[in-house]
Ligand code: NI
Ligand code: MN
């Protein structure tokens, strides 16, 4: 038996606790924008073993700088592309807490294999106010593989794309986390087509509602999944609710 505890914390922010108690944060953005309370009270996010950053947009780099500076575990790393690593260095995150990689690469930390995979999206950093928009490399997703836990694919921000069929063959993700909000990513119907291509057994919608009022809803996603891939379990938890995936 293998398990993983999965929490959605708003937008693309997921906290994933593997069976060996390793904690992985993906795109940690505490979306505290006034009027939006997506980030739930009382969820600990200061216990991460690693942070995965899919791309440079502010809702994905999020609070990585502060969390990385405060992280205390000796093996702690932020995994991201080279350009984002250079940005995080410039913001004072120590080099030893950073692990850069690129599409197709795999890094092993504490027995967990993290692979960076293609996303069809962009990745500029910052750009608000007087600060210029910085080069953020290519947008990515991540595949998390561990002996004790089901394989999990976090797609980051992406459109539906044909590489997902190859991803299914290459990594066999048991769980897929897919953006559904539309406007900046694929919508619920296209995310259902992605889920079918990925042949996952369980899916989570991400990157909907919130500050940007992204129109795709989990209800539309569930409806599309029932038509396109009815055998797949759809999990659309409230922010902070823990979903345990057991294989
Ligand atoms: Ni984005
Ligand atoms: Mn985004």
Discussion item. Restricting to Cα pairs below 8 Å that are 6+ residues apart, what does the relative contact order work out to for the stretch 121-247? Please round to a whole percent.
Written reply: 19 percent
Worksheet item: What residue among 170, 196, 120 has the largest mean-square fluctuation in a Gaussian network model of the chain, using Cα springs under 10 Å?
Response: 170
Discussion item. Taking 0.36 nm per residue of sequence separation and subtracting the Cα-Cα distance, how much length would be gained by fully extending the chain between residue 222 and residue 238, in nm to one decimal?
Written reply: 4.3 nm
Discussion item. Given R₀ = 25 Å, what would the calculated FRET efficiency be for residue 20 paired with residue 43, taking r from the Cβ atoms and rounding to 0.05?
Written reply: 0.75
Worksheet item: Remind me, relative contact order of the stretch 1-81 in percent, using alpha carbon pairs under 8 angstrom and six or more residues apart?
Response: 26 percent
Worksheet item: At 222 nm, what helix-only mean residue ellipticity would the chain give, in deg cm²/dmol to the nearest 500, using -39500 (n - 2.57) for each DSSP H run of four or more?
Response: -5500 deg cm²/dmol
Fill in: Relative contact order of the stretch 58-172, defined on C-alpha pairs under 8 angstrom at six or more residues apart (%)
19 percent
Fill in: Counting all C-alpha pairs of the stretch 92-247, share separated by more than 19 Å (%)
57 percent
Worksheet, complete the sentence: Going from the fewest other Cβ atoms within 10 Å to the most, one would list 199, 145 as 199, 145
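Where a number appears in this text, it was derived from the coordinates with a stated rule and is not lab data. What you see is a predicted model; the values in this text were computed from it and never measured. Using ideal geometry, Cβ is built from the backbone for each residue, glycine included, and neighbour counts are taken over all protein chains shown.
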